[in-house]
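Scroll down for the structure; my scribbles are underneath it.
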Amino acid sequence: MKNKHLTFNERLEIEQGLKNNLSFKELGRMLCKDCTTISKEIRNHIVYKNFGAYGKPFFDCIYRNKCEFRDKGIKCNSSNCSHYVQEICSKLSKPPYVCNGCNDRNKCTLTKRLYDAIYSQNEYTSILSESRTGITYSKGEIERLNTILKPLIVDKGQSVHHAYINNVDSIICSEKQIYNLIDKGVLEVKNIDLPRKVKYRLKPKRKKYHKIDKDCLKGRTYQDYQEFIKDNPDINLVEMDSVEGNKGGKVLLTIHFVNCSFMFAFIREHNDSQSVIDTFNKIENIIGLDKFKVLFPVILTDNGTEFSNPTKIEISSESNEQRTKIFYCEPGRSDQKGSCEVNHEMIRRVLPKGTSFDDLSQNDINLVMSHINSYKRKKLNNCSPIQLFNLMYGNNIANKLGIIEINPNDINLSTNLTKKKD
């Protein structure tokens with residue numbers, strides 16, 4: 001039987017073929033695979049490397065060879081230069097999408113995109129392993145367990161054992177599986193609701209993430225998204241993502257409006273699906289359902305487990321009406337919602353990677369986003385995102401959600417913005 005999956009040896013042949021500048025059709029004939037299989041394999045397993053060339057450091061600013069500020073003796077640092085614009089090699093927008101066989105690779109200082117057989121195989125086996133693990137229960141079965149267990153354990157203080165043995169005919173799993181579901185954060189019952197369990201200090205374990213709804217991608221793939229956009233070309237696009245602080249600590253939910261580069265950010269205690277649902281419910285309560293539908297007609301996000309309960313985001317908890325539509329990027333293709341990355345880079349100017357968000361409040365995050373959204377952009381014809389957002393949606397929505405316009409000369413995108421003054 002013909003194997004549909006690529007083997008490690010076949011990946012090595014692809015890597016060698018790319019170095020020899022073989023086309024996808026030539027690689028496909030060599031491996032007896034369709035050329036689209038080769039194309040998907042390469043595009044789904046690209047490694048990004050930031051290194052320079054012989055005698056030249058890595059530097060990917062489009063103005064690197066003719067920057068007027070460098071001439072004045074100012075040391076260039078793209079991470080804090082307001083004039084920095086990333087340059088991406090035009091050759092990478094067409095096959096083979098990688099730099100493996102590029103003749104100019106040794107003198108190029110831009111970000112390199114490479115296909116590496118070892119990296120590709122490791123990523124493939126990791127994805128394959130994840131697809132075979134997780135929650136085997138349907139969304140309806142989880143909701144039924146919550147209906148039975150939450151009133152008994154959370155509201156009445158019963159133990160899992162007591163609740164289980166008295167409702168064994170109604171519960172679809174074993175007592176051990178209930179504990180496992182609680183540990184994984186799938187049920188509304190949490191470990192803190194089990195008094196005896198929280199008395200003991202357990203050995204830390206590596207956290208495993210599980211999809212809440214294993215069928216969440218049905219009708220919500222990137223291909224479905226493209227068809228939806230094709231049928232609704234004038235619809236306003238919204239992208240959603242997460243920005244982490246320290247592992248296990250508070251995390252940001254970012255909501256980006258593509259048409260005006262405006263972004264909201266909301267602090268969450270944990271990076272779980274319930275906190276995302278709670279955030280959208282809070283937004284609806286503040287601005288109302290009608291405005292919510294106008295703001296969020298369609299949302300594109302990635303495959304993070306915090307976004308794996310799309311129905312609860314799509315349906316209003318108050319009126320039970322559909323309020324938005326969720327779609328997902330392809331696995332490993334965060335570039336399909338890449339327009340939010342500019343604002344993420346600005347967030348990282350104020351809150352660099354490794355910074356803990358645990359001491360920050362929503363007011364702190366609103367302050368950060370007010371400065372970022374007031375920052376004028378060349379691509380917006382020197383307007384700021386908040387100016388365009390207010391023009392499109394009215395002046396009240398941003399203010400109601402905590403975002404205000406900052407005077408241009410007062411904008412601060414440095415790490416001292418959120419530091420508490422004595």
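The values are calculated or read from the model by the stated rules, or taken from the named source; none is laboratory data. This structure is a prediction, so every number in the text was calculated from the model and none was measured. With ideal geometry, Cβ positions are generated from the backbone for all residues, glycine too; neighbour counts draw on all protein chains shown.
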Within the stretch 303-334, restricting to residues that are more than 12 Å from the chain's Cα centre (by Cα) and part of a helix (DSSP H, G or I), the one that is surrounded by the most Cβ atoms within 10 Å (Cβ to Cβ) is P310
Counted residues in the stretch 63-91 being within 19 Å of R349 (Cβ to Cβ), at pLDDT 80 or above and assigned to a loop (DSSP other than H, G, I, E, B) come to 2
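Report those helices (runs of 4 or more DSSP H) wholly inside the stretch 347-422 carrying at least 1 residues which are at pLDDT 90 or above and over 27 Å from N271 (Cβ atoms).
Details: elements: 362-373, 385-393, 396-400.
Output list reads 385-393, 396-400.
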G140 fails exactly one of (1) closer than 30 Å to I172 by Cα; (2) at pLDDT 90 or above, namely (2)
Does F296 qualify as being touching a Leu at 6+ places or on another chain (Cβ under 8 Å) and surrounded by 19 or more Cβ atoms within 10 Å (Cβ to Cβ)? no
Matching residues in the stretch 92-118 - criterion: being more than 14 Å from L18 (Cα to Cα), at pLDDT below 90 and in a helix (DSSP H, G or I): S93, N106, K107
Can you name every residue in the stretch 38-49 that is in contact with a Lys or Arg (Cβ under 9 Å, 6 or more places away or on another chain) and either among the hydroxyl-bearing types (S, T, Y) or on the phi > 0 side of the Ramachandran plot (or both)? Y48
How many residues of the stretch 1-32 are within 15 Å of P95 (Cβ to Cβ) and surrounded by 15 or more Cβ atoms within 10 Å (Cβ to Cβ)? The answer is 7
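Considering only the stretch 333-342, I want to know if a residue exists there that is closer than 17 Å to F266 by Cβ and at pLDDT below 90. Quick ask: steps written out before the conclusion?
As a first pass, look at the stretch 333-342 and keep what is closer than 17 Å to F266 by Cβ: 340.
From what's left, at pLDDT below 90: 340.
Yes.
Pick out the one residue from Y209, Y179, Y225, Y200 that is at pLDDT 90 or above and out of contact with any Lys or Arg (no Cβ under 8 Å at 6 or more places or on another chain).
Exactly one residue qualifies, and that residue is Y225.
So how many residues does the stretch 40-58 have that are crowded, with 17+ Cβ neighbours inside 10 Å and assigned to a helix (DSSP H, G or I)?
Keep residues of the stretch 40-58 that are crowded, with 17+ Cβ neighbours inside 10 Å, which gives 41-43, 45-46.
So of that shortlist, the ones also assigned to a helix (DSSP H, G or I) come out as 41-43.
Of the residues in the stretch 40-58, 3 are crowded, with 17+ Cβ neighbours inside 10 Å and assigned to a helix (DSSP H, G or I).
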If a residue must be within 34 Å of the chain's Cα centre (by Cα) and closer than 16 Å to S138 by Cα, how many such residues does the stretch 149-173 contain? 2
What single numbered condition from (1) at pLDDT below 80; (2) within 19 Å of S273 (Cβ to Cβ) fails to hold for K150? (1)
Would you list the helices (runs of 4 or more DSSP H) that sit entirely within the stretch 216-302 and hold 3 or more residues that are within 24 Å of S384 (Cβ to Cβ) and in the same structural domain as Y375 (by TED's automatic domain parsing)? 273-287, 289-295
Inside the stretch 16-28, can you point out the residues that are assigned to a helix (DSSP H, G or I) and either modelled with pLDDT under 90 or farther than 11 Å from E41 by Cα (or both)? Q16, G17, L18, K19, K25, E26, L27, G28
Given the conditions (1) in contact with a strand residue (DSSP E or B) (Cβ under 7 Å, 6 or more places away or on another chain); (2) surrounded by fewer than 19 Cβ atoms within 10 Å (Cβ to Cβ), which single one is not true for L391? (1)
What do you reckon, is N191 modelled with pLDDT under 85, among the polar types (S, T, N, Q) and not assigned by TED's automatic domain parsing to the domain that holds F357? yes
